[in-house]
Amino acid sequence: MSPYQLTRTLPEDATDAALRADVLHGLTRTPKSLPPKWFYDARGSELFEEITTLDEYYPTRAEREILLARAPEIAAATGARTLVELGSGSSEKTRHLLDELPVPHAYVPVDVSESALVGAAESLLVERPGLQVHALIADFTKELELPDTPGPRLVAFLGGTIGNLLPDERADFLASVRAMLVPGDALLLGTDLVKDESVLVRAYDDASGVTAAFNKNVLAVVDRELGADFDPADFDHVALWNSDQRWIEMRLRARRALTVKIRELDLVVAFEAGEEMRTEVSAKFTEDSVRTELAGAGMELAHWWTDEAERFALSLATA
Ligand code: AVJ
């Protein structure tokens, strides 16, 4: 009996089909766009880990500061005996929470990356042999069937990744989380906060160009997976603050008029000189906007915690 359970709810070819659909949809309309989920191949995940260490990129440090300071309160406020983490990745942030939950307890990491799940489960079990781990290979923005584990549950969605969802996608996502919760369960939500535009832009356009490389890497993903001939050198990294939508936008701007062939889709895409393709939004929030969006999904904002400098927040929401 393996020390942990690994359940695949994504068909093996789901990723390939989803990438083909996203590229066909995103590159044949104006303005062009690609969803940010495609950043995270091995190289993209490596570049993101490097981004989290940059001076300009404060969210990871700010969230860790809150988790270290508030994990006992979060555990006490919920009495959770199961921690579900959506988009768990390396589960690095999770350790601070798991240390405070009553034993025995269960951990349900949810991610599309099987290798991230296996790595996280194995390292957590070395440190916590009594932990029940039920890893789910799933896309948490779709329907999610959680395993039967001891209640109450705390569903964590950290890192500010909810900011990558467009407003209607966020509403759908929060409604799907609400549907997972029973009375006594809670959601722990990490959100980056509205702040000075120059601080925000610098966090997405660092001086050493790591974010530029991260952004351009999505072209390498499309080239490799769909037989395209994007040349990243033909594009410039753009990061701007959209004050109406209150989100950072990352784009790739074509340096010259060019065409790209996408062999697997039998598609040729033309870019005009200076044309910009959106590759990510990263929405920023306030306490009021989080309260409103949670209420829209039938949840109540029970606790709001920020780091000392009030750059980032963790919200505890109850069903
Ligand atoms: C991992 C989605 C939270 O939006 O800040 C970092 C990804 N993009 N630098 C974010 C990201 C550019 C990050 N999230």
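For Ile262, nonlocal amide neighbours, meaning residues 5 or more places apart or on other chains whose placed amide H falls under 5 Å from its own, are Leu267, Val268, Val269.
From its DSSP helices (H runs of at least four residues, each -39,500 (n - 2.57)), the chain gives a residue-normalised ellipticity at 222 nm of -11000 deg cm²/dmol. Could you tell me whether the range 1-45 comes out rounded, prolate or oblate from its Cα gyration tensor? Rule is a ≥ b ≥ c as square roots of the eigenvalues, rounded for a/c under 1.5, then prolate if a/b exceeds b/c, otherwise oblate. Prolate is the answer for the range 1-45, as a/c is 1.5 or above and a/b outweighs b/c.
Alpha carbon centre of the range 183-210 versus the range 127-165: separation in Å? Computed from Cα coordinates, the inter-centre distance equals 21 Å. Working from the Cα coordinates of the range 102-162, the gyration tensor eigenvalues give, after taking √(5λ), semi-axes of 19, 15, 11 Å in decreasing order. Applying the Karplus relation 6.51 cos²θ - 1.76 cosθ + 1.60 with θ = phi - 60° to the range 134-145 yields 3J(HN,Hα) values of 10, 8, 10, 8, 8, 9, 5, 7, 9, 4, 10, 9 Hz, where x marks Gly and Pro. As a rough guide to protection, the peptides 64-75, 267-278 ranked by mean Cβ packing within 10 Å, highest first, stand as 64-75, 267-278.
Within the straight-line cut-off of under 18 Å between alpha carbons, the lysines reachable from Lys37 are Lys142, Lys216, sequence neighbours fewer than 8 places apart in one chain being disregarded. Put simply, the Cα atoms of the chain extend 59, 47, 35 Å along their principal axes, the longest span coming first.
The convex hull built on the alpha-carbon positions of the range 131-287 has an orientation-averaged projected area of 12.5 nm². What the Kirkwood sum gives for the range 185-235 is a hydrodynamic radius of 13.7 Å, with every pair of different alpha carbons counted. Backbone amide hydrogens, once placed in the peptide plane, bring Glu280 within less than 5 Å of Met250, excluding anything fewer than 5 places away on its chain. The GNM of the chain, with springs linking C-alpha atoms under 10 angstrom apart, assigns the highest mean-square fluctuation among Tyr204, Tyr40, Tyr107 to Tyr40.
Note that the range 14-159, at 37 °C in a medium of 0.692 mPa s, gets a Stokes-Einstein diffusion coefficient of 195 µm²/s from its Kirkwood radius over C-alpha pairs. Over the range 212-294, the fraction of Cα-Cα pairs per 5 Å bin, rounded to whole percents and listed from the shortest bin up, is 3, 14, 20, 20, 15, 9, 8, 6, 5, 0.
Whole-Hz Karplus values for the range 244-251 come out as 5, 8, 6, 9, 7, 10, 9, 9 Hz, taken residue by residue from phi with 6.51 cos²θ - 1.76 cosθ + 1.60 and θ = phi - 60°; glycine and proline positions read x.
Overall size of the range 1-89 from C-alpha positions, given as principal axis extents largest first: 50, 44, 23 Å. In summary, the helical segments of the chain meeting the span-like criteria, namely a full DSSP H run, a Cα extent along the axis of 15 angstrom or more and a mean Kyte-Doolittle hydropathy of at least 0.0, are 14-27, 114-127, 210-226.
Summarising the amide proton neighbourhood of His303: residues at separation of 5 or more, or on other chains, whose placed amide H is nearer than 5 Å comprise Leu316. Taken as Cα centroids, the range 10-40 and the range 237-280 sit 14 Å apart, rounded to the nearest whole angstrom.
Every read-out reported here was derived from the displayed coordinates using simple, explicitly stated rules and does not represent laboratory data. If you're wondering where the values come from, they're calculated on a predicted model, not measured in any experiment. Every residue, glycine as well, gets a Cβ built from its backbone with ideal geometry; the counts of neighbours run over all protein chains shown.
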